[in-house]
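The values are calculated or read from the model by the stated rules, or taken from the named source; none is laboratory data. Source: prediction; values computed, not measured. Cβ coordinates were reconstructed from backbone atoms using ideal geometry, including for glycine residues, and neighbour counts include every protein chain displayed.
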2 protein chains.
Amino acid sequence: MENTMLDITYDGTYYSGFQIQENAPTIQEAVEKALGIIYKQTVRITGAGRTDAGVHARGQRANFKAPFSIPEDKLPSAVNALLPPDIVITGAERVSGEFHARYDAKRKIYSYTIDRAAFPQVLKRLYSWHLPDRLDLDLMQKAASLFEGTHDFKAFQVSGSGVLDTARTLFRVELDNRPHEQLLVISFEGSGFLYRMVRLITGSLVRAGLGRLNLEEIRASLKGENTSAAGPTSPAAGLCLEKIYYDLNQ
Amino acid sequence: MENTMLDITYDGTYYSGFQIQENAPTIQEAVEKALGIIYKQTVRITGAGRTDAGVHARGQRANFKAPFSIPEDKLPSAVNALLPPDIVITGAERVSGEFHARYDAKRKIYSYTIDRAAFPQVLKRLYSWHLPDRLDLDLMQKAASLFEGTHDFKAFQVSGSGVLDTARTLFRVELDNRPHEQLLVISFEGSGFLYRMVRLITGSLVRAGLGRLNLEEIRASLKGENTSAAGPTSPAAGLCLEKIYYDLNQ
């Protein structure tokens with residue numbers, strides 16, 4: 001059985017997230033169905049990140065054990081021909097038998113897009129959070145910097161996920177203001193992310209930008225002194241899984 | 001009756017075009033329905049450009065005679081609250097009683113977006129034509145320049161539209177290559193456009209870029225010597241009505 005890694009991109013608008021579940025459309029289900037047709041047997045994929053309902057990906061990855069070999073350069077087109085147009089495989093790569101797309105991920109990048117136009121930009125509406133209010137970007141960037149480094153992000157997760165170790169390292173939380181497009185894109189690069197962590201931190205950054213959350217409160221929440229700085233959870237549509245790094249390609 | 005002009009933006013994906021028709025969803029119908037609720041009577045709008053099924057607009061305009069007055073700054077939000085999320089009114093302006101959104105238009109800008117990535121960019125798929133083939137951009141820009149100026153564009157329309165005068169002036173046909181986004185955006189600025197003219201010219205430009213159409217053939221078609229340079233009609237999804245100019249605001 002050859003172990004293969006896929007690069008998967010998708011528009012998550014009409015899916016109940018990546019991970020397979022009963023009675024709801026998921027990315028995993030659609031990809032496994034396509035692979036099942038190609039390999040003429042049940043194929044299970046392991047995704048690197050379990051994106052939520054409505055969340056997008058330009059750089060999801062997943063691996064699977066293939067019952068027989070198909071050339072790497074032929075596989076994406078073969079799978080795409082069997083997928084709906086809102087899921088597109090953009091690459092395939094042979095990996096070692098032990099490789100695990102989730103456990104072996106070293107670094108991930110998420111982006112969060114805020115539409116700052118007075119009225120929603122209609123062609124961006126599925127891929128952004130419309131927030132016409134005035135934001136203090138300097139203050140937001142100062143708040144963003146507080147999240148960089150290794151912290152216990154316990155306050156910045158939706159509980160009940162059962163994760164015991166809530167320490168994570170964020171290498172970079174960066175604001176990219178694009179006035180010409182009336183967009184603000186926040187990039188999060190980290191060793192790993194807790195459940196809803198990016199959307200909760202984005203909610204905190206927006207509150208800071210609106211002058212409704214001060215930096216001291218964020219510092220306290222990162223020290224575990226309270227959870228008042230977390231959130232609210234920003235809408236799923238603005239979030240996109242951009243990239244996942246492994247040792248093998250970096 | 002006060003004459004009011006609306007700025008209308010829409011994602012045309014799920015509409016059968018701007019202009020109202022029986023048994024098919026249209027932008028005009030949706031906007032008239034919303035206005036009808038606000039004004040408690042039938043309201044008819046006159047659109048500046050009749051975009052086709054699947055074509056988008058960031059800068060459509062329409063005027064209508066309102067039975068009573070609503071402040072210009074309040075009107076967009078009131079209408080938007082009654083519209084589906086893929087149609088957004090971004091402005092309203094009182095205009096003179098004789099103003100006609102279509103007849104008084106002096107200049108229009110359309111954009112056509114080509115996705116040049118090897119695989120379709122999934123978050124751009126509804127707003128572009130995916131064309132992974134190698135394009136000679138220099139040759140395409142040369143071809144584009146041939147269309148600039150005043151010409152008889154008879155060959156570059158879908159016939160049967162009943163228009164008698166097929167002379168139009170294109171002030172600008174310009175390629176904007178965005179390698180970072182893997183997009184090629186072609187802008188068309190003109191005095192007016194024939195039915196399917198932008199999509200047919202785009203088809204010609206792409207054929208030129210693929211080396212399948214030479215500049216002489218385009219020159220001949222613009223002189224009315226043949227129609228062989230026209231098209232094929234490029235897909236609707238790539239087209240967007242960007243802006244309409246009137247004397248009143250320019």
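Kindly indicate whether any position in the range A:110-118 is within 13 Å of chain B (Cβ to nearest Cβ) and without any contact (Cβ under 8 Å) to a residue 40 or more places away in the chain.
yes
Please indicate, with yes or no, whether at least one residue in the range B:129-141 is within 11 Å of chain A (Cβ to nearest Cβ) and not in a loop (DSSP other than H, G, I, E, B).
Yes, that holds for at least one residue.
With out of contact with any strand residue (DSSP E or B) (no Cβ under 8 Å at 6 or more places or on another chain), of a type in the set (D, E, K, R) and under 22 Å from A:Lys243 (Cα atoms) as the only criterion, which of A:Arg50, A:Arg58 stands out? Outline the logic, then answer.
Numbers: A:Arg58 fails: out of contact with any strand residue (DSSP E or B) (no Cβ under 8 Å at 6 or more places or on another chain).
Criteria check complete, one pass: A:Arg50.
Every residue in the range B:219-234 that is out of contact with any Phe, Trp or Tyr (no Cβ under 6 Å at 6 or more places or on another chain), assigned to a loop (DSSP other than H, G, I, E, B) and not aliphatic (A, V, I, L, M), please. Break it down into steps so the answer makes sense when it comes.
Restricting attention to the range B:219-234, the residues satisfying the condition of being out of contact with any Phe, Trp or Tyr (no Cβ under 6 Å at 6 or more places or on another chain) are B:219-229, B:231-233.
Restricting the remaining residues to those that are assigned to a loop (DSSP other than H, G, I, E, B) gives B:223-229, B:231-233.
Hits for the range B:219-234 are B:Lys223, B:Gly224, B:Glu225, B:Asn226, B:Thr227, B:Ser228, B:Gly231, B:Pro232, B:Thr233.
What is the one condition in (1) in contact with a Gly (Cβ under 9 Å, 6 or more places away or on another chain); (2) assigned to a helix (DSSP H, G or I); (3) under 18 Å from B:Lys142 (Cβ atoms) that B:Ala237 does not satisfy?
Unmet for B:Ala237, out of (1) in contact with a Gly (Cβ under 9 Å, 6 or more places away or on another chain); (2) assigned to a helix (DSSP H, G or I); (3) under 18 Å from B:Lys142 (Cβ atoms): (3).
Might you let me know whether the range A:188-198 holds any residue that is within 14 Å of chain B (Cβ to nearest Cβ) and in a helix (DSSP H, G or I)? It would help to see each step written out before you state the result.
First pass over the range A:188-198, keeping only residues within 14 Å of chain B (Cβ to nearest Cβ): none.
No - not one qualifying residue is present in the range A:188-198.
What's the total number of residues in the range B:1-43 that are of a type in the set (Asp, Glu), at pLDDT 95 or above and closer than 20 Å to B:Phe68 by Cα?
Of the residues in the range B:1-43, 2 are of a type in the set (Asp, Glu), at pLDDT 95 or above and closer than 20 Å to B:Phe68 by Cα.
Could you go through the range B:144-162 and let me know if any residue there is within 18 Å of B:Pro235 (Cα to Cα) and more than 20 Å from the chain's Cα centre (by Cα).
Scanning the range B:144-162, I find no residue that is within 18 Å of B:Pro235 (Cα to Cα) and more than 20 Å from the chain's Cα centre (by Cα), so the answer is no.
Before we move on, is B:Gln141 modelled with pLDDT of 95 or more, surrounded by 16 or more Cβ atoms within 10 Å (Cβ to Cβ) and closer than 28 Å to A:Asp86 by Cβ? Walk me through it before giving the result.
On the way: modelled with pLDDT of 95 or more: yes; surrounded by 16 or more Cβ atoms within 10 Å (Cβ to Cβ): yes; closer than 28 Å to A:Asp86 by Cβ: no.
Considered against the rule, which asks whether it is modelled with pLDDT of 95 or more, surrounded by 16 or more Cβ atoms within 10 Å (Cβ to Cβ) and closer than 28 Å to A:Asp86 by Cβ, B:Gln141 comes out as no.
Considering only the range A:51-81, state which residues are touching a residue at least 24 places away in the same chain (Cβ under 8 Å) and loosely packed, with under 15 Cβ neighbours inside 10 Å.
Residues satisfying the conditions are A:Lys65, A:Pro67, A:Phe68, A:Ser69, A:Glu72.
Starting from the range B:86-102, keep only residues that are within 14 Å of another protein chain (Cβ to nearest Cβ), then list their pairs with residues that are at pLDDT below 95 whose Cβ atoms are within a distance under 7 Å, requiring at least 6 positions of separation or different chains.
B:Ala92/B:Glu72
Determine if the range B:211-218 includes at least one residue that is in a helix (DSSP H, G or I), on the phi < 0 side of the Ramachandran plot and touching a Pro at 6+ places or on another chain (Cβ under 6 Å). Step through it out loud before you land on a result.
To start, the set of residues in the range B:211-218 that are in a helix (DSSP H, G or I) comprises B:215-218.
Going one step further and asking which of them are on the phi < 0 side of the Ramachandran plot, we end up with B:215-218.
Subsequent filtering for residues that are touching a Pro at 6+ places or on another chain (Cβ under 6 Å) retains none.
Checked the range B:211-218: no residue is in a helix (DSSP H, G or I), on the phi < 0 side of the Ramachandran plot and touching a Pro at 6+ places or on another chain (Cβ under 6 Å).
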